[in-house]
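The values are calculated or read from the model by the stated rules, or taken from the named source; none is laboratory data. What you are looking at is a predicted structure, and each value in this text was computed from that prediction instead of being measured. Cβ placement follows ideal geometry from the backbone for every residue including glycine, while neighbour counts extend to all protein chains displayed. Side chains are part of the model used for accessible areas, which takes the heavy atoms of the whole protein and leaves out ligands, DNA and RNA. Shrake-Rupley method; radii C 1.70, N 1.55, O 1.52, S 1.80 Å.
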Amino acid sequence: MRPEHVGPTRKPMPLWLFTSTRWTAPRPVSAFVIEHRDGVVLFDTGQDRTSVTDPRYFPGRLDRLVNSRIARFDIPPDQTLTAGLIRLGYRLGDVETAVISHLHPDHIGGLPLLAHASIVVSRDEWAGLERRRPEARGLYRKHIDLPGLRWNRIGYEPLAEPRLEPFSHGYDLFGDRSVLLLPTLGHTPGSLSMLVRRPGKASLLLVGDLTYDEALLASGQPSGMCDRKQTRVTMQQVNKLRAALRDLVILPSHDPGAAERLAAAM
Ligand SMILES: [Zn+2]
């Protein structure tokens, strides 16, 4: 990634996108597997390896240029979603639900493999596809709205759980309060996070691309690719939740420290 993308930066996105000459050290494109007694859930599905093997993955020349400036992907065959699941002892067919934090290409890449699963996305995120020129906002309908996929476009309901304030609304994935989807807008207008609560262990908050770095989130500093005003508001909410739940483990999708924090919390 570009360091300006991780942030913080004062430069507007189009400026750093076309002038930055630097790259960060490699960062992960994470997909998380949640084992619940009622089924296996994915949180995000990674970047499709086809995007690095097929030059026409991104449809137009401008899309190819912009995407090549945003990030460079290295996706060896043993780093695909399928290979990662097998390493954990699962097959694609075991995945019953895939929750998508937002619809950018590095989170929706596994969709062609998930026709058997229920795909959960927020209604507000889906609405971004219906607005003018979704490609300019990184949404590629031909890789998202695939024939045969079972989309569950969710809205949020009152949580009525004071401990979770300032999150008054969420979506209870299994109806048992163990996996809650929370609106965490800012990176995109419909981004969501997943709160995983485990008996006797620290809770996990999978925040997608709200931040790329836990420390930047803690200090309330938005990344270089988001609605900064909205992101600051959301970061405050997440930091309040972290203060309330104390041992909450924050897991951003592209944070190089996330895997280690997750392993320590297992
Ligand atoms: Zn991402």
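One residue stands out among those in segment 21-49 that are in contact (Cβ under 8 Å) with a residue 24 or more places away in the chain and among the hydroxyl-bearing types (Ser, Thr, Tyr): the one that is farthest from residue 105 (Cα to Cα), which is 30.
Screening segment 187-266 for helices (runs of 4 or more DSSP H) wholly inside it with 3 or more residues that are in contact (Cβ under 8 Å) with a residue 60 or more places away in the chain returns the ranges 228-245, 258-265. Of the listed requirements (1) within 16 Å of the ligand (Cβ to nearest atom); (2) open to solvent by less than 20 Å² (accessible area, probe 1.4 Å), residue 195 misses just one: (1). Residue 178 meets the stated requirement of being closer than 15 Å to residue 32 by Cβ, of a type in the set (Ser, Thr, Tyr), away from the ligand (no atom under 16 Å from the Cβ) and in contact (Cβ under 8 Å) with a residue 12 or more places away in the chain. Of all residues in segment 78-115, those satisfying the criterion of being more than 16 Å from the ligand (Cβ to nearest atom), assigned to a helix (DSSP H, G or I) and open to solvent by 30 Å² or more (accessible area, probe 1.4 Å) are 78, 82, 86, 87, 92, 93, 94, 112, 113. Taking segment 33-47 as the range and being among the small types (Gly, Ala, Ser) and under 16 Å from residue 87 (Cα atoms) as the test, only 46 passes. Listed here are the strands (runs of 3 or more DSSP E) enclosed by segment 116-183 that have at least 1 residues being open to solvent by 50 Å² or more (accessible area, probe 1.4 Å): 150-154, 169-172.
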